[in-house]
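J.: I have a structure I would like to understand better, so I am pasting it below and will then ask my questions one at a time.
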Amino acid sequence: MRLTYPRSFLSLLLIGFSIVAAPLLFALLTNALAFERLSRLAEQTVHSSVKVTQASRSLATVIASLDRAARQYSVAGEAMYLDAYRTNRAAFLRFTHQLDEMELSEAQRAELASIIRDEDAVNMLITHSGPTPELARRLPQEFANLTEHGQNLIRVGDQATDSGIEQLRAQAVHSRDSVFWLMIALIPTAILLIGSFTFLIARPITQVSEGIRSLGEGNFAKPIAIQGPGDMVRLGEQLDWLRDRLITLEAQKTRFLQHMSHELKTPLTALREGSDLLSSGVVGSLNAEQREIARILQENSIELRKLIEGLLNYSAVHAQTSYLDAKIVQLREVVRRVVNDRKLPIVAKDMRIELNCEHVTAYCDEEKIRVMLDNLLSNAIKYSPERGLISIKLYKEHNDAVFEVLDEGPGIPAVDREKIFEAFYRGADAPVAAIKGSGLGLSIVKEYIQLHKGRIEVLDGPGAHFRVSFPRKKTGNEEEAA
Ligand code: ADP
């Protein structure tokens, strides 16, 4: 899937944060709404229930007072009782009016209607008949009905309160459940979004750091391309431009080395031939001192020639480092060949070789692996004491092929461990420095092993202990080469 990145890294960050925050904001908002709904319902239920209950109870009390005043009036017939009756009736009417304005259930409204109707009938009776024994006889029955309806109104109100509370509880459970399920759905979504954006943000950064690392390691073969926001893509283009520049500089350096060494060869040959002629006495006999000088000249010109050949060899190696001629190789055979080629110096120093090689195959450039091993073995021979033991191991480790070369020489001092792989670097140790060499062997080993996407390490040991490992299967480089 092709992703379209925004123009800048900052926009990517902002978009990422917004998208990741969106579900969380949504959850927050939903929660707030549910909470608001719940609290409104709670307020409504509690508030209106309390008001209706209060009004119903007051109404019941007023009915009792009405009852009392009416009965006193019917028995005593005094105007004072009629006034008390009227005052209570006014309160009765106020309460019924208040209740009528409130939010009532159907049952409550029916009870209220009955109360109003019954009271109206009682009032008609009192107004029309006046204080008579007939009134006194009928009133208890009339007020009993009214009181019963008043009690019914309170009971129905209590029932309404209970059902309101039940509804509230159900709503609370419902809100809790929906918040729970919302969270269940949103948490993985948020994690997924965070993961995706972390990947999108981290990918260009990783690509930049990989690009810089491969430039630092001198791997110029693979072009650098960054997938990401516009500014990161431009950064990738600049890195690739840098890679181009480094390739050009590297080529210039190699050309310079080749020219230099080539140009040096001609005067050197003349020097050597001259010193040969002097030493051989063809141009006249020499005294002992002159012979000694001629010998020194001859020896140094040979040394110089070796160095120049090393230089030429190195530049040739360098020119080849982006190229691998890979195929399936039996590594044990390569070890055998290398040891066989070095038989003479081994015998000359009376050394012993211990081979511990498993059957390992790898997809690699046979000639480069041979040169690599040969450089390690020739160093081991060079730096070992006479009659020393050299041990070569070959084995598989996960997907890698591993070589180890150990000797009984002075080993590599800790200060030199990083530097010995640099071209022309020679060990700082005095006795070791006395041994002739160009300081190029290990730098070639390192170049070749990097080309195979492997690595070389110096391990601790009494003597030198080199460990080389590289993938046995095809890697990007070989596919390019194949
Ligand atoms: P050269 O051997 O020609 O000097 P190399 O690149 O092969 O160059 O080695 C670089 C340095 O590493 C050597 O000068 C030496 O100090 C050290 N070195 C390499 N191999 C060994 C070894 N087997 N034992 C001790 N020192 C070693």
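The values are calculated or read from the model by the stated rules, or taken from the named source; none is laboratory data. Given the structure is predicted, the values throughout are model-derived calculations rather than measurements. No Cβ is skipped: glycine too gets one built from the backbone with ideal geometry, and neighbour counts run over all protein chains shown. Areas reflect the complete protein model, heavy atoms only, side chains present, ligands, DNA and RNA absent. Shrake-Rupley method; radii C 1.70, N 1.55, O 1.52, S 1.80 Å.
J.: Determine the pairs where a residue that is within 20 Å of F26 (Cα to Cα), located within the range 162-190, has a partner that is loosely packed, with under 14 Cβ neighbours inside 10 Å with Cβ atoms under 8 Å apart, the partner being 6 or more residues away or on another chain.
T.: S175/F35; S175/R37; L186/F26
J.: Within the set of pairs 6+ apart or on separate chains, which have a first residue in the range 88-117 that is outside any helix (DSSP H, G or I), a second that is among the polar types (S, T, N, Q), and C-beta atoms under 6 Å apart?
T.: Every condition considered, the pairs that remain are E103/S48.
J.: Just to verify a result, which residue in the range 203-229, among those that are at pLDDT below 90 and in a helix (DSSP H, G or I), is nearest to G16 (Cα to Cα)?
T.: R213
J.: OK, next. From the list R138, R245, pick out the single residue that is in the same structural domain as I15 (by TED's automatic domain parsing) and at negative phi.
T.: R138
J.: Here is a list of conditions, (1) within 13 Å of the ligand (Cβ to nearest atom); (2) within 46 Å of the chain's Cα centre (by Cα); (3) within 25 Å of P471 (Cα to Cα), and K393 meets all of them except one; can you say which number that is?
T.: (1)
J.: Could you tell me whether the range 450-472 includes any residue that is under 26 Å from E299 (Cβ atoms) and either open to solvent by 10 Å² or more (accessible area, probe 1.4 Å) or of a type in the set (D, E) (or both)?
T.: So far as the range 450-472 goes, no, none of its residues is under 26 Å from E299 (Cβ atoms) and either open to solvent by 10 Å² or more (accessible area, probe 1.4 Å) or of a type in the set (D, E) (or both).
J.: I'm told I19 meets every condition in (1) at pLDDT 85 or above; (2) not assigned by TED's automatic domain parsing to the domain that holds S178 except one. Can you identify the failing condition by its number?
T.: (2)
J.: From the list R37, R7, R57, pick out the single residue that is in contact with a helix residue (DSSP H, G or I) (Cβ under 9 Å, 6 or more places away or on another chain) and surrounded by 15 or more Cβ atoms within 10 Å (Cβ to Cβ).
T.: Of the residues listed, the single one that is in contact with a helix residue (DSSP H, G or I) (Cβ under 9 Å, 6 or more places away or on another chain) and surrounded by 15 or more Cβ atoms within 10 Å (Cβ to Cβ) is R57.
J.: Any residue at all in the range 356-376 that is within 8 Å of the ligand (Cβ to nearest atom) and either assigned to a helix (DSSP H, G or I) or of a type in the set (F, W, Y) (or both)?
T.: Taking every residue of the range 356-376 in turn, at least one turns out to be within 8 Å of the ligand (Cβ to nearest atom) and either assigned to a helix (DSSP H, G or I) or of a type in the set (F, W, Y) (or both).
J.: Filter the range 11-34 down to the residues that are over 24 Å from I184 (Cβ atoms) and open to solvent by 70 Å² or more (accessible area, probe 1.4 Å) and list them by number.
T.: L14, I15 - these are the residues of the range 11-34 that are over 24 Å from I184 (Cβ atoms) and open to solvent by 70 Å² or more (accessible area, probe 1.4 Å).
J.: Take the range 88-142 and flag every residue that is surrounded by fewer than 19 Cβ atoms within 10 Å (Cβ to Cβ) and aliphatic (A, V, I, L, M).
T.: Listed by number, the residues that qualify are A90, A91, L93, M102, A107, A110, A113, I116, A121, M124, L125, A136.
J.: Checking the structure you have, find out if any residue of the range 156-169 is among the hydrophobic types (A, V, I, L, M, F, W, C) and within 23 Å of the chain's Cα centre (by Cα).
T.: No, the range 156-169 contains no residue that is among the hydrophobic types (A, V, I, L, M, F, W, C) and within 23 Å of the chain's Cα centre (by Cα).
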